[in-house]
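Written below as structure tokens is the structure these notes are about.
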Amino acid sequence: MTAPDLSSSLDVTSHITWLDEAGSTNAEGAARAADPAVPDFSVVATDAQTSGRGRLDRVWTTPPGSSLATTVLLRPAVPADRLGWIPLMAGLAMTRTVQMLLAGAGMRAADASLKWPNDVLVRGRKISGILSELVAGDELAVVVGAGLNTAMTRDQLPVDTATSLAIECRRTYSVDAVLSLYLAQLRELYESFVSSGGDARAAGLVSQVSAACETLGQAVKVQLPDGDLVGVARGLDADGCLLVQPEGEAVLRSISAGDVTHLRSVADSSPRT
């Protein structure tokens, strides 16, 4: 298989490894992180990922050529307690990428939004997922994986609540067109984040993520180890955690991780469609 033309993506970073096939791009990126010669913002990408991983170690496969999987190795010079913003940063970058592609195809850019903490939706259907993982080692390193459904047809969708660029934009895109847009958005956000010392408010991340996040203001159900939490998502705290006001309570609860379902209302706990 011939590697795609990545000329525009190489304008964003000169360190891109294209793989004809990969089990997991995050695993590939983590292996490279052990080598200090592999620089910050190095990228691994493929359109044939055979053992993709999501939250809670969920594993999935996609038909070759139907989706783009990419992992960016980050070596951020910021305090470790600021890293909770990195998956939100990547989600915002992917949301903007999908919005630009929708707009370019004559569709509504506003139909794409971020679902806390790591999904990108188009009209409520998942088009992309983000998985950020800390890499063990002497130096701080994070791999940020993103999967985007690009050329999937309706018959190829893993669930009926998913969608793809081909379905939403009614056209197909080159790997380079999609990858370069995403990397450019991510790089801009990342450089601002690092230059601010990981201060998400000073970097503008708090306001920008909040504006893009469809979850805020919604009735939600959060699946937690000690049971489900039902309430209204009121905002994000300084660490990027979701602030939920439980039903019948005035005090907000900070959620650092959990599966979130958007509901029609707090009283009606059925998922919103």
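Some notes on this structure:
- Test for Val159: is it crowded, with 17+ Cβ neighbours inside 10 Å and among the β-branched types (Val, Ile, Thr): no
- Flag set for Ala31, criterion: at pLDDT 95 or above and within 20 Å of Leu131 (Cβ to Cβ).
- Test: residue in region 80-98 that is touching a residue at least 60 places away in the same chain (Cβ under 8 Å), farther than 19 Å from Val260 by Cα and surrounded by fewer than 18 Cβ atoms within 10 Å (Cβ to Cβ): yes
- Per-region count, region 205-259, residues closer than 15 Å to Pro87 by Cα, at pLDDT 95 or above and loosely packed, with under 13 Cβ neighbours inside 10 Å: 0
- Test result for Leu229, assigned to a strand (DSSP E or B), more than 30 Å from Ala109 (Cβ to Cβ) and not basic (Lys, Arg): yes
The values are calculated or read from the model by the stated rules, or taken from the named source; none is laboratory data. All of these numbers come straight from a predicted model, not from anything done at the bench. Neighbour counts run over all protein chains shown; Cβ positions are idealised from the backbone, glycine included.
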